[in-house]
1. Using the beta-carbon distance between GLU375 and GLU242 and R0 = 25 Å, what value does 1/(1 + (r/R0)^6) give for FRET efficiency, to the nearest 0.05?
2. Past 22 Å, Cα to Cα: identify those pairs from LYS136/LYS284; LYS151/LYS451; LYS377/LYS400; LYS230/LYS431; LYS2/LYS307; LYS136/LYS451, in the order given.
3. Quick one: helix 74-92 against the long Cα principal axis of the chain, what's the angle to the nearest 10°, folded into 0 to 90?
4. Taking only the alpha-carbon atoms of the stretch 173-285, what semi-axes of the equivalent ellipsoid follow from 5 times the gyration tensor eigenvalues under a square root, in whole Å, largest first?
5. Explain nothing, just the number: dipole magnitude of the stretch 314-436 about its Cα centre with +1 on each Lys and Arg Cβ and -1 on each Asp and Glu Cβ, in debye rounded to the nearest 20.
6. Can you tell me the 0 to 90 degree angle between the C-alpha axis of helix 306-321 and the longest principal axis of the chain, rounded to 10?
7. Evaluate E = 1/(1 + (r/R0)^6) for THR106 and LYS451, where r is the Cβ-Cβ distance and R0 equals 25 Å; express this FRET efficiency to the nearest 0.05.
8. Report the per residue volume, in Å³, of the convex hull enclosing the C-alpha atoms of the stretch 104-251.
Amino acid sequence: MKTAPATGADLFYVAESDATDIDSAVEAALNAQKIWAGLSVAERKDALLHWARNLRSVFEDIAQLDAVDSGSPLGDGRKGLLRGIEHLEHFAGLGFELTGQTVPATAGNLHYTIREPFGVVGILTPFNHPSFFPIKLAAPALAAGNAVVIKPSEQTPLSASIIATAASGALPDGLVNVVQGGPEAGQALVAHRKVHRLHLTGGVPTGLAIQRAAAESGIVKHVTLELGGKNPLIVFPDVSAESAASAAVKGMNFTHQGQSCGSTSRLFIHSSMAEEVTALIAEKVAAIKIGLPDDPESEMGSMVSVKHQQRVLAMIEMAKEDGAHLLIGGEAGSGDLANGAYVMPTVFTGVRPDMRIAQQEVFGPVLSIIEWDDEDKMIEAANSTDYGLTAAIWTNNLQKALETAAKVESGYVWVNGVVSRYLGVPFGGYKNSGTGLEHSRETMLSYTQEKSISVVLSRGVV
């Protein structure tokens, strides 16, 4: 039984897929992919845009399901769903970029390359953006000529099935498949002998498990991973206190309960402005309206589950034990929110870079403020975690911004910005934050295999 995390009420039963179900989904995908790969790029583009129109026609239904299923505010879910559809529309028209090249390897002969799809792509999506991820991850794989089998998180399983249903009438039957379940279903999909291309967006432990299962399947598989982050927001003293505080609150993604891999959860603030910025952050965090996800005035909802709520609360206690000072928040919901998996927006000051709260991903609404004076030591501290997904640098000095951007060990860097990601700009992480890139032409190309063909036209020339 799936329960609503914001209220604790029972929602629905979800049947878990077993190995037989996953085998059926893969076979359906294989059959549909043959039809799909036989279409022209223009025909595939029109079909994907048709799917996008179908999704827009059930937009509000999906957004409402996500709010109840995940506990996140309805407005946030709408934004995520819209971004997913925009990704689909973007990649629909990008298929013409599936180009090869000619290579002047020898005189008198023809050497060229072509790109071919893998066939069936297995996609495992996380709980935090239940409709955004299935759409945006399927889009480049489909544009490249593949079929997909999607396994959504068992914590937010519902909207993926509605998304796949919306493909009916637009895409060949069986091209987009959804299987449900937990680790066992994921294991069966990852290990399937006819699935040679895999993508996971999730946590590091799951990413390592996927790599292990793929290796143990006996089939060499191409795996990309978009994993966690413990992302720094670095503020230089030439920035206004108001700008710094606003960026810190926005970058923490409190409106999504901090459940975002790109959240800038470590604020490195110069000591000369730390007191003023901290006071402003406390004011802004205190003003966040926390409520039920379907309340249009809610700016922040609940954690995805009671289990995750308890994990976040335990990490808050851990931070206190390590000597961090709790500025605001740090407790579960009360009153009308007591039955839900709520954690109040939380800010710690007096955090040292080596504290566990500054090293481990919380994936909850917890911001750590770290003061600095020595720039070299600050950069060293910013790079001291096992993660390297995003970083944000705030300064009015362009030279300082570019120098710092080159020093931080992160795959995606904002200068005087946070949160926003842009279609066409590659997104991916360093170190334990993953492998591969998203959002760009390179993403689509990663769902193809490159074949070299040499045509001997001049006998005797090799």
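Since every read-out is calculated from the coordinates, none of them should be taken as a lab result. Everything numeric here is computed off the predicted structure, so don't read it as measured data. Ideal geometry is used to build each Cβ from the backbone, glycine not excepted, and the neighbour counts take in all protein chains shown.
1. In this case the efficiency is close to 0.65.
2. Result: LYS136/LYS284; LYS151/LYS451; LYS136/LYS451 exceed 22 Å.
3. 30
4. Whole-Å semi-axes of the equivalent ellipsoid: 43, 15, 11.
5. The dipole of the stretch 314-436 has a size of about 400 debye.
6. 50
7. Between THR106 and LYS451 the formula returns 0.85.
8. Here the figure is 214 Å³ per residue.
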